[in-house]
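The values are calculated or read from the model by the stated rules, or taken from the named source; none is laboratory data. What you see is a predicted model, and the numbers here were worked out from it, not measured in a lab. Using ideal geometry, Cβ is built from the backbone for each residue, glycine included, and neighbour counts are taken over all protein chains shown.
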Amino acid sequence: MTTKDPNLVALLEESDQLIQEAESYLVVNGITYRFSEWVTPKAYAKRHNLETTNVVSNWISRKIITPNDIRDFPELNNLRLICDKVYK
């Protein structure tokens with residue numbers, strides 16, 4: 001799309017930015033989770049250079065990742081998030 005109206009261009013850019021910000025949050029039951037702080041086990045393994053997500057699963061079962069650092073969302077197709085911090 002090409003337009004010369006600077007107001008429209010600025011509005012579209014602002015809209016895109018707001019959409020990107022909204023996509024970085026998950027709100028469930030009134031609680032907001034930022035995807036920079038809470039990640040899936042797969043994303044955690046990738047961010048922290050772990051071989052597989054099995055490492056993360058083992059840490060969860062061995063309580064290295066404590067229950068306080070885990071959020072399960074059955075209403076979102078059993079989505080699991082863990083707090084993105086260094087464990088071990």
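A few notes on this one:
- Matching entry among Thr66, Thr53 (being among the polar types (S, T, N, Q) and either surrounded by 14 or more Cβ atoms within 10 Å (Cβ to Cβ) or in contact with a strand residue (DSSP E or B) (Cβ under 8 Å, 6 or more places away or on another chain) (or both)): Thr53
- Residue within segment 22-31 that is small (Gly, Ala, Ser), in a helix (DSSP H, G or I) and surrounded by fewer than 10 Cβ atoms within 10 Å (Cβ to Cβ) present: yes
- Selection within segment 68-86 - assigned to a strand (DSSP E or B) and either under 17 Å from Arg34 (Cβ atoms) or touching a Ser or Thr at 6+ places or on another chain (Cβ under 9 Å) (or both): Ile70, Arg71, Phe73, Leu79, Arg80, Leu81, Ile82, Cys83
- Some residue of segment 18-41 being within 29 Å of Ile60 (Cβ to Cβ), among the basic types (Lys, Arg), at pLDDT 90 or above and under 16 Å from the mean Cα position of the chain (by Cα): no
- Hits in segment 48-67 - residues which are of a type outside the set (Val, Ile, Thr), outside any loop (DSSP other than H, G, I, E, B) and closer than 12 Å to Tyr87 by Cβ: Asn58, Trp59
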